[in-house]
Every structure is written in structure tokens, then in C-alpha cells.
Amino acid sequence: MNVLLLWLAYLLAMSTAQEKPVPVEKEPHHKTVLKNQYVQVFRGQSDFVSRIVTTAEVTTMERAIPVLPVDDLGAAREFYVDRLGFKLRFEATEDGKFGLLGLERGSIWLTLDCPMSGHGRDACVSLQVDNSDALYEEWRQRVEIRRAPRNEPWGARTFDVIDPFGNTIFVMGPTL
């Protein structure tokens, strides 16, 4: 429906246009997709046309944040922050055991949820890193690693860790 309205507005604007469209300044990447594609056509046209473009905007997705189930936020914080080196982004808890933890390490974000009712258990999160061997060397001093890094036939170097709650942390980096 929005695309049809845009097309009709475009036809209306082009049939009444007296001048060429004015070039538009480049908008940041996180702005909307349709607006970037059609705003040049409508710049300088009627308010009606501008409103149609604005209401038909589609926001681009920027990040997916895995949510992992845990049984105890205190134990999860000790494992992910103290042992794996994640930083705390946020903590929403009244007693330190139940609630949510938001974590980050570089551009990777995780959310830990206790209790995570209504969702499955034994989740897996894949962390894409620039050097899986370096992370393996850092982590193996602090946690039990299921297996050492290996080159996969599909073109990645991987290893994995199981957290205290049964979730798999699957680490992928470029092959050596």
C-alpha cells in the first residue's frame, strides 16, 4: 500500500514539476531506506508528497542481540564478566539473582535472562571475532573449553565453550 502511494505521489509530482529535483545531502546509514531512495524526486514538491515519503519510511536493522537463558545472574556475571572479559552494559535486578544482564565485548552484545520463562533452554550464540586463536588463549586460562580451535571445511576457525547454564558460545574467526 505504501509503495503504491509513493508511486502515485511520484507521478503527481512529476506531472506538476516545474524544475529538476534538488540534490539531497547524504543521510547517515542508520536512517531510512525508502526515504533515501525517493527523497530526491520529491525535494521541493508539495507538503502532501513530503508527508507520503515520511510515512512510508522503513527503518534499517542494525544489530541482533542474542538473549541467553541463565539460572543465576550472579554466577552468570562472574562467568561472562570476570572470566570471559565482557563488560556490563546494564543490570536490571532487585536481588542479584533474577533479572537481566546486558553485556558487551567490542561490537558483540549479549543479554542474559533469568528466569527466561516461555523460551527454550540450551541456546547457542555465535561470536564472530577477528582472531579465534587469541581469544582461545585468553579464555583457556579461565574457563573449560570444549575443544581447541580448528579450521572448518566451510572456511572458519572455530572453538566453543559451554557456559554454566548449558548455553554454547561458538567462536568463529578467519582460518589460519
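Taking Lys and Arg as +1 and Asp and Glu as -1, the other residues whose beta-carbon sits under 10 Å from that of residue 159 total +3. Modelled spin labels at residue 98 and residue 124, positioned 7 Å past Cα toward Cβ, are 3.1 nm from each other.
Report the FRET efficiency, 1/(1 + (r/R0)^6), for residue 90 and residue 140, where r is their Cβ-Cβ distance and R0 is 22 Å, rounded to 0.05.
Once rounded, the FRET efficiency stands at 0.15.
Among the chymotrypsin sites (Phe, Trp or Tyr not before Pro) in the range 86-166, those placed in a DSSP loop whose Cβ has at most 16 other Cβ atoms within 10 Å are 98, 154. With K and R counted +1 and D and E -1, the other residues having a Cβ less than 15 Å from that of residue 91 yield a net charge of -3. For the range 67-173, the alpha carbon convex hull comes to 95 Å³ per residue, rounded to a whole number.
Restricting attention to the range 67-173, close to 75% of DSSP beta bridges with both partner residues there are antiparallel. Annotation for the range 106-176: GluC sites (Glu not before Pro) lying in DSSP loop with at most 15 further Cβ atoms inside 10 Å of their Cβ are 144.
Each reported figure results from applying straightforward, stated rules to the coordinates on display, with no laboratory input. All figures in this text were calculated on a predicted structure; none of them were measured in a lab. Virtual Cβ from ideal backbone geometry, glycine too; neighbours counted across all protein chains shown.
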